[in-house]
1. Taking L243, is it in contact with an Asp or Glu (Cβ under 7 Å, 6 or more places away or on another chain), surrounded by 15 or more Cβ atoms within 10 Å (Cβ to Cβ) and modelled with pLDDT of 95 or more?
2. When residues of the range 129-149 are filtered for being more than 21 Å from A109 (Cα to Cα), free of Cβ contacts under 8 Å to residues at least 40 places away in the same chain and within 16 Å of the chain's Cα centre (by Cα), how many remain?
3. Answer yes if at least one residue in the range 149-158 is in the same structural domain as A253 (by TED's automatic domain parsing) and within 12 Å of the ligand (Cβ to nearest atom), and no otherwise.
4. Take the conditions touching a Phe, Trp or Tyr at 6+ places or on another chain (Cβ under 7 Å) and within 18 Å of G137 (Cβ to Cβ) and apply them to I4. Does it pass?
5. Would it be correct to say that C218 is out of contact with any Gly (no Cβ under 8 Å at 6 or more places or on another chain), in contact (Cβ under 8 Å) with a residue 24 or more places away in the chain and either surrounded by fewer than 20 Cβ atoms within 10 Å (Cβ to Cβ) or on the phi < 0 side of the Ramachandran plot (or both)?
6. List pairs: first residue in the range 176-199 and assigned by TED's automatic domain parsing to the domain that holds L241 and farther than 28 Å from L248 by Cβ, second residue of a type in the set (A, V, I, L, M) and not in a helix (DSSP H, G or I) anywhere in the structure, Cβ distance under 6 angstrom, at least six positions apart or on different chains.
7. Take the range 70-101 and flag every residue that is over 23 Å from N11 (Cα atoms), modelled with pLDDT of 95 or more and surrounded by fewer than 20 Cβ atoms within 10 Å (Cβ to Cβ).
8. In the range 21-125, which helices (runs of 4 or more DSSP H) lie fully inside it and hold 2 or more residues that are touching a Lys or Arg at 6+ places or on another chain (Cβ under 8 Å) and within 14 Å of the ligand (Cβ to nearest atom)?
Amino acid sequence: MARIGFIGLGNMGGGMAANLAKAGHDVRAFDLSQDALDRAKAAGCLPAASAAEAVTDAEFVVTMLPAGKHVRAVYEGEVFGAVPGTALLLDCSTIDVASARAVGAAAQAKGLAMVDAPVSGGIAAANGGTLTFMVGGSAEHFARAQPILERMGKAVIHAGPLGSGQAAKICNNMLLGATMVATCEAFVMAQKLGLDPQTFFDISSKASGQSWSMTSYCPLPGVGPQTPADNGYQGGFASALMLKDLKLAVEAAQGVDAAVPMGAAAGALYQAFVNAGNGVLDFSGIIRMLAGADGR
Ligand code: NAD
């Protein structure tokens, strides 16, 4: 079993670190929050006093932090100076492609191996060990990361060289944001045209309008499978996080001169939804805004 330094024990990282400990790994965990550290200890991890202490002697380092600036600060400020040269660094946070590549290049310059491995799946998948990992890095580093990631997920996919995991993640989530908005619009319009929502679902989920947002994550309560819509849009994937991912996608698109008018439009709609105080609601809750006059 491996010695793993785990930094960032929030909504996602807490469950991920617990799954590594449950699998028998020696997990030294650190977070700025004492509550998060206490939960990690209860889940079988060994709390550390700092990120540097967590990674001393580590064979693997896993980070699950909010954004690029936190990832840069943790690696450049603490991890690089304390971690053994043989360790493999795995950043699972969702961050901008430029920061992922910059931190990866800094690691490389120090002779350290690194992969970016962002996830698809929310808090329930993190707790249940059923995340999907999209991994950027060399084939050799991917092969080393795979057995560790498999303890936290149901699928581990090699996306390409360093930074490719983040690229895959934001392209996927841009598609998700755009299809969710389009699915919500279609439901609202179908109802206004006099269609029964369940009938429209039965048709569209088997016809060419089908998407994951329609079939597996239907934004209307009482229609299709159980989703956050059936729970007042509580839980699930917060609209604030969808907005974060759409902003990252538009920023990345600008960097490579890619046209993303649909992604940008979805971003503007989620910005309005979040500005109206709905950041904690599941992202399918945007149907409420689109059903009202302010959605036009
Ligand atoms: P979170 O805010 O719950 O957790 C982040 C944790 O990092 C916090 O506990 C915070 O105290 C800690 N932290 C911040 N700076 C630190 C530092 N310098 N040293 C140590 N700890 C530090 O966020 P989350 O929901 O767990 O998300 C983590 C990442 O996963 C984000 O990049 C997010 O976009 C991504 N993600 C989240 C979800 C989701 O559904 N929540 C799904 C997929 C991906």
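1. Details: in contact with an Asp or Glu (Cβ under 7 Å, 6 or more places away or on another chain): no; surrounded by 15 or more Cβ atoms within 10 Å (Cβ to Cβ): yes; modelled with pLDDT of 95 or more: yes.
So L243 does not fit the description; no.
2. Going through the range 129-149 one residue at a time, the tally reaches 3.
3. no
4. Numbers: touching a Phe, Trp or Tyr at 6+ places or on another chain (Cβ under 7 Å): yes; within 18 Å of G137 (Cβ to Cβ): yes.
Yes; evaluated as a whole, the condition is true for this residue.
5. Numbers: out of contact with any Gly (no Cβ under 8 Å at 6 or more places or on another chain): no; in contact (Cβ under 8 Å) with a residue 24 or more places away in the chain: yes; either surrounded by fewer than 20 Cβ atoms within 10 Å (Cβ to Cβ) or on the phi < 0 side of the Ramachandran plot (or both): yes.
Criteria not met by C218.
6. P197/L220; P197/V223; Q198/V223
7. The initial filter retains those residues of the range 70-101 that are over 23 Å from N11 (Cα atoms), namely 76-77, 80-88, 98, 101.
Subsequent filtering for residues that are modelled with pLDDT of 95 or more retains 76-77, 80-88.
Matches in the range 70-101: E76, G77, F80, G81, A82, P84, G85, T86.
8. Where helices (runs of 4 or more DSSP H) fall fully within the range 21-125 and carry at least 2 residues being touching a Lys or Arg at 6+ places or on another chain (Cβ under 8 Å) and within 14 Å of the ligand (Cβ to nearest atom), they are 51-55, 97-109.
The values are calculated or read from the model by the stated rules, or taken from the named source; none is laboratory data. As the structure is a computational prediction, the values presented were derived from the model and not from experiment. Ideal geometry is used to build each Cβ from the backbone, glycine not excepted, and the neighbour counts take in all protein chains shown.
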